[in-house]
Amino acid sequence: MAQERLIYVVDDEETISKLLEHWVTKKWGYQARCFPTGEACLESLSVIPDVILLDIMLPGIGGVDTLKEIKSRYPDLPVIMLSAQGKVDVAIETLKLGATDYFSKPVDFLKLEVSVKNAIQTHDLSREVARLREAVGKPVHFDNIISDNGAMQEVFKLVQKVKDNDICVLVLGESGTGKELIARAIHYNGSRAKDPFVVVNCASIPHDLLESELFGHEKGAFTGAHQRRIGKFEQAQEGTVFLDEIGELDLSLQAKLLRVIQNKQFERVGGNETLTTSVRLVSATNRDLVKAVAQKQFREDLYFRLATFPIMLPPLRERRSDILLLAETFLKKFSVEVSKSGLGFSKKALKLLYEYPWPGNVRELENAMQRAVLMADGPVINDVDLPMAVVTFGSREEASAGSPLSLGPEHVRSLEKVKEESLRQALKATDGNIVEAARRLKIGRATMYRLMKKFKINEDR
């Protein structure tokens with residue numbers, strides 16, 4: 001059940017007002033405040049509701065004029081119009097004035113509930129966008145990491161605590177969450193900032209070459225070793241070695257790495273000279289190392305050494321407030337790169353970005369924004385400019401909510417019903433803009449009006 005949501009009900013007919021209040025509070029779980037006139041509603045807007053259910057035929061200021069006044073004060077506040085008139089021209093007028101939806105009486109409460117829920121989600125998204133646009137210019141970042149999420153702020157605090165300490169750090173998180181950025185933040189904000197920061201991706205280097213990559217080799221150590229090579233632990237002297245994807249390290253190399261951590265000593269491949277290192281070690285992985293230890297795929301003693309100071313990065317889907325913040329940031333970055341200034345997002349695009357789970361996390365979002373900037377033909381990033389995975393996920397979400405175009409064979413609808421539902425969806429997606437709805441449906445305006453009349457859209461909108 002919904003919590004702490006406030007719905008204003010504006011209707012002069014007490015019976016209808018009480019019925020609406022019953023559905024809002026008892027059936028849907030929201031709070032409700034009822035007003036018999038538009039004036040009374042406007043006087044109470046010092047407390048802003050989540051949605052207003054507004055009757056058109058009101059004493060004093062009519063519903064249309066009340067709608068105009070509400071929109072002049074709060075353009076994004078959802079207002080759903082209710083009317084016993086059932087006229088298409090009235091519905092169109094209110095939708096053009098900014099009404100979220102239109103329903104004729106007697107109201108279909110199941111459809112009204114869906115409309116209210118959608119209105120609340122859209123309103124929440126609008127407020128989130130406004131807040132995050134302000135946040136883009138505020139200090140909600142650490143080094144090159146941008147976040148407005150509480151869990152990430154805790155990560156920043158951990159970085160501050162460990163940056164000047166030589167303790168081993170293990171950064172955990174899904175692919176694309178920014179583990180290397182955290183490692184760089186630890187290094188470049190700490191006492192070793194002036195010394196080298198050396199990255200080794202343990203998953204991208206063949207196992208038989210990784211030992212040489214880490215510790216170096218002597219001339220003639222193996223076929224192709226024509227000269228001595230200095231390894232990463234020597235290159236990073238006094239600095240930081242970042243071992244990315246440490247979970248992919250071969251068991252034989254795990255033993256040698258454990259010795260480096262414990263004794264600060266190693267030998268080059270094919271060499272006898274014992275070298276001493278003073279590097280700081282930061283590791284990262286997207287694997288469950290505890291599970292790997294249990295399966296004898298990772299040394300337990302090495303795990304405990306590496307994980308002396310663990311830092312867990314939450315996936316992007318668990319810090320949704322960052323999605324729009326990062327999208328805005330990447331939009332500005334790539335707009336500058338391709339000289340497309342002033343780009344913004346459509347509401348549909350923002351909704352898709354916000355609801356998509358981002359399995360590839362921040363890296364996937366960054367790539368999506370780079371593509372969207374290149375795809376955009378005008379000043380607005382539209383849903384069609386986003387990657388197909390984002391768009392099709394939004395389509396699947398709508399399908400799961402009961403889209404008539406996605407039901408199984410046992411629910412096949414008539415062609416006329418599909419036409420009707422497509423018409424309604426187009427009108428809803430374009431906020432009642434008939435010209436835009438007709439364009440998306442690839443039909444003329446005259447056909448649009450004819451179909452609206454045929455399907456009696458006014459009867460339940």
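The values are calculated or read from the model by the stated rules, or taken from the named source; none is laboratory data. All figures in this text were calculated on a predicted structure; none of them were measured in a lab. As a convention, Cβ positions derive from the backbone with ideal geometry for all residues, glycine included, and neighbour counts pool all protein chains shown.
Here are the numbers:
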read-out	value
Residue within segment 255-265 that is of a type outside the set (S, T, N, Q), within 37 Å of the chain's Cα centre (by Cα), more than 23 Å from Val155 (Cα to Cα) and surrounded by 13 or more Cβ atoms within 10 Å (Cβ to Cβ) present	no
Test result for Glu211, more than 27 Å from Pro359 (Cβ to Cβ) and surrounded by 14 or more Cβ atoms within 10 Å (Cβ to Cβ)	yes
Leading residue by the ranking (farthest from the chain's Cα centre (by Cα)) among those in segment 88-119 that are among the aliphatic types (A, V, I, L, M) and within 12 Å of Leu53 (Cα to Cα)	Val107
Qualifying residues in segment 286-312 (those that are surrounded by 16 or more Cβ atoms within 10 Å (Cβ to Cβ) and among the β-branched types (Val, Ile, Thr)) - the one nearest to Ala255 (Cα to Cα)	Val293
Check on Leu77, part of a loop (DSSP other than H, G, I, E, B), of a type in the set (A, V, I, L, M) and surrounded by 20 or more Cβ atoms within 10 Å (Cβ to Cβ)	yes
Test: residue in segment 177-184 that is modelled with pLDDT of 90 or more, assigned to a loop (DSSP other than H, G, I, E, B) and touching a Lys or Arg at 6+ places or on another chain (Cβ under 9 Å)	yes
Segment 331-345 residues that are in a helix (DSSP H, G or I), paired with ones that are loosely packed, with under 11 Cβ neighbours inside 10 Å (beta carbon under 9 Å, 6 or more apart)	Ser335/Ser341; Ser335/Gly342
Positions within segment 19-52 being touching a Cys at 6+ places or on another chain (Cβ under 8 Å) and surrounded by fewer than 20 Cβ atoms within 10 Å (Cβ to Cβ), in sequence order	Glu21
Unmet criterion (only one of (1) touching a residue at least 40 places away in the same chain (Cβ under 8 Å); (2) small (Gly, Ala, Ser); (3) surrounded by fewer than 15 Cβ atoms within 10 Å (Cβ to Cβ)) for Ser191	(1)
Segment 366-383 - residue that is closer than 15 Å to Gly342 by Cα and crowded, with 20+ Cβ neighbours inside 10 Å and, of those, nearest to the chain's Cα centre (by Cα)	Met369
Members of segment 418-447 found to be free of Cβ contacts under 8 Å to residues at least 60 places away in the same chain and not in a helix (DSSP H, G or I), listed by number	Thr430, Lys442, Ile443, Gly444
Enumeration of residues in segment 384-399 that are assigned to a helix (DSSP H, G or I), of a type outside the set (A, V, I, L, M, F, W, C) and either modelled with pLDDT of 85 or more or over 19 Å from Phe345 (Cα atoms) (or both)	Asp385, Thr392, Arg396, Glu397, Glu398
Answer residue from segment 214-241, given it is out of contact with any Lys or Arg (no Cβ under 9 Å at 6 or more places or on another chain) and more than 22 Å from Arg259 (Cβ to Cβ) and is surrounded by the most Cβ atoms within 10 Å (Cβ to Cβ) among those	Gly220
Exclusive hit being closer than 23 Å to Asn367 by Cβ and either exposed (fewer than 15 other Cβ atoms within 10 Å of the Cβ) or outside the structural domain of Thr329 (by TED's automatic domain parsing) (or both), set Val159, Val199	Val199
Condition met for Ile246 (out of contact with any Ser or Thr (no Cβ under 9 Å at 6 or more places or on another chain) and in contact (Cβ under 8 Å) with a residue 60 or more places away in the chain)	no
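For every residue, the table says whether it meets (1) closer than 20 Å to Asn118 by Cα; (2) touching a helix residue (DSSP H, G or I) at 6+ places or on another chain (Cβ under 7 Å).
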| site | (1), (2) |
| --- | --- |
| Glu4 | yes, no |
| Glu13 | no, no |
| Ile16 | no, no |
| Leu20 | yes, no |
| Trp23 | yes, yes |
| Trp28 | yes, yes |
| Gly38 | no, yes |
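Every residue, every condition in (1) under 30 Å from Ser126 (Cα atoms); (2) basic (Lys, Arg); (3) in a strand (DSSP E or B); (4) not assigned by TED's automatic domain parsing to the domain that holds Glu154, yes or no:
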{"residue": "Leu214", "(1), (2), (3), (4)": "no, no, no, no"}
{"residue": "Ala221", "(1), (2), (3), (4)": "no, no, no, no"}
{"residue": "Gly224", "(1), (2), (3), (4)": "no, no, no, no"}
{"residue": "Glu234", "(1), (2), (3), (4)": "no, no, no, no"}
{"residue": "Gln237", "(1), (2), (3), (4)": "no, no, no, no"}
{"residue": "Gly271", "(1), (2), (3), (4)": "no, no, no, no"}
{"residue": "Leu281", "(1), (2), (3), (4)": "no, no, yes, no"}
{"residue": "Val293", "(1), (2), (3), (4)": "no, no, no, no"}
{"residue": "Asp322", "(1), (2), (3), (4)": "yes, no, no, yes"}
